[in-house]
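The values are calculated or read from the model by the stated rules, or taken from the named source; none is laboratory data. The structure presented is a predicted model; accordingly, all values stated were derived computationally and were not measured. Cβ: placed from backbone, ideal geometry, glycine included. Neighbour counts: every protein chain shown. The protein model used for the area step is the full one, side chains on, heavy atoms only, and it has no ligands, DNA or RNA in it. Shrake-Rupley method; radii C 1.70, N 1.55, O 1.52, S 1.80 Å.
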Amino acid sequence: MLTSATEMLQKARAGKYAVGQFNINNLEWTKAILLTAQELNSPVILGVSEGAGKYMTGFETVAAMVAAMDKSLGITVPVALHLDHGSYEGCYKCIKAGFTSIMFDGSHFPIDENVAKTTELVNVAHGLGLSIEAEVGAIGGEEDGVIGKGECADPDECKQIADLGVDFLAAGIGNIHGVYPANWEGLSFETLEAINKKVGDMPLVLHGGTGIPDDMITKAISLGVAKINVNTECQLVFAEATRKYIEAGKDQQGKGFDPRKLLAPGFEAIKAKVKEKMELFGSVNKA
Ligand code: 13P
């Protein structure tokens with residue numbers, strides 16, 4: 001059942017669990033995540049980056065695929081179709097295409113410009129019944145081989161953006177996208193606690209969910225994180241399962257080259273990973 005992410009995240013925040021945002025890349029990804037959510041009776045958020053949207057030939061294709069799949073698979077758990085790290089223009093494209101939720105990533109703008117653009121998009125999104133996420137403090141990652149510690153957001157800036165009426169807020173707390181380097185210093189719970197105090201009961205979003213140790217995830221949830229984004233981990237298990245299938249020569253046995261067979265191990269690997277995360281996040285049976 002397609003819906004905005006507002007209610008599911010308010011419930012998660014109040015119930016001290018988190019809803020997973022799993023990024024999608026194609027039909028297999030979408031089907032694996034939707035079926036797992038339904039099997040576990042869990043709410044779920046399908047994340048679509050601008051790059052993945054382009055890869056799938058545009059946000060309209062994505063929205064049409066997700067809506068049709070949700071219906072044809074008989075999905076009854078709440079599902080939000082969410083733009084991940086959207087640009088200003090990307091937000092408008094997704095609103096038009098029929099997404100139920102958007103993220104405006106204005107973290108690279110000076111705070112005044114982030115405020116102005118976020119305010120405008122909050123009004124447009126809410127007028128149409130969509131939920132909206134904003135970001136303060138850029139989430140780090142690997143750039144030109146240099147791996148940095150993720151930035152930590154300023155709690156006062158978080159409060160300023162939260163007060164604009166966004167439904168959930170991504171705040172950097174030392175998290176980064178992709179695999180964490182061996183010398184990663186971990187999440188800054190000091191920052192998270194300070195932000196949580198400032199923003200009241202606003203659901204907080206933890207990006208870069210791949211590879212964060214389980215105990216840190218649990219602690220982050222206890223401090224107000226109600227949405228956790230996972231992307232790279234699903235890609236890694238999909239690639240590993242596919243590689244094993246091919247290295248075992250299974251694509252050359254019988255009709256093993258049939259894409260429905262070739263992609264099946266990766267599909268099952270995504271299902272298992274999503275199940276593991278939903279259990280860890282505590283969203284099972286919370287639909
Ligand atoms: P990972 O790829 O590190 O799991 O991060 C996902 C994410 O935060 C998407 O916005």
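Points worth noting:
- Look at where the Cα atoms of segment 54-108 and of segment 239-287 average out, and the two centres are 24 Å apart.
- Farthest toward positive dipole pole in segment 1-159 [+1 Lys/Arg, -1 Asp/Glu at C-beta], among G47, G90, L34: L34
- Here the Karplus relation 6.51 cos²θ - 1.76 cosθ + 1.60, evaluated at θ = phi - 60°, turns the backbone of segment 37-53 into coupling constants of 4, 5, 4, 9, 6, 10, x, 8, 10, 8, x, 10, 7, 5, x, 5, x Hz, with x for every Gly and Pro.
- Lys, Arg +1 and Asp, Glu -1 on Cβ, resulting dipole of the chain about Cα centre, debye, nearest 20: 1240 debye
- Using just its DSSP H runs of length 4 or more, each adding -39500 (n - 2.57), the chain gives a mean residue ellipticity at 222 nm of -14500 deg cm²/dmol after division by all residues.
- Computed from Cα positions, the angle between helix 88-97 and the longest principal axis of the chain comes to roughly 60 degrees.
- Counting DSSP beta bridges with both ends in the chain, the antiparallel % (nearest 5): 10 percent
- When all protein chains stay in place and ligands, DNA and RNA are ignored, the 1.4 Å accessible-area order of M103, M202, largest first, is M202, M103.
- Multiplying the residue separation of K197 and K219 by 0.36 nm and subtracting their alpha-carbon distance yields 6.4 nm.
- Two-decimal log10 I(q)/I(0) for the chain, as the Debye equation yields it once each C-alpha is a single scatterer, q = 0.16 Å⁻¹: -1.29
- Lysine pair count for segment 1-131 (Cα-Cα distance under 18 Å; residues 8 or more apart in sequence or on different chains): 5.
- For R13, R243, R260, the ranking by accessible surface with the largest value first comes to R260, R243, R13, using a 1.4 Å probe.
- Across segment 1-112, the fraction of Cα-Cα pairs farther apart than 17 Å, rounded to a whole number, is 52%.
- The label-point distance for E113 and L27, in a model that sets each label 7 Å from Cα toward Cβ, rounds to 4.1 nm.
- FRET efficiency estimate (nearest 0.05) - Cβ-Cβ, N183 to A67, R0 51 angstrom: 0.70
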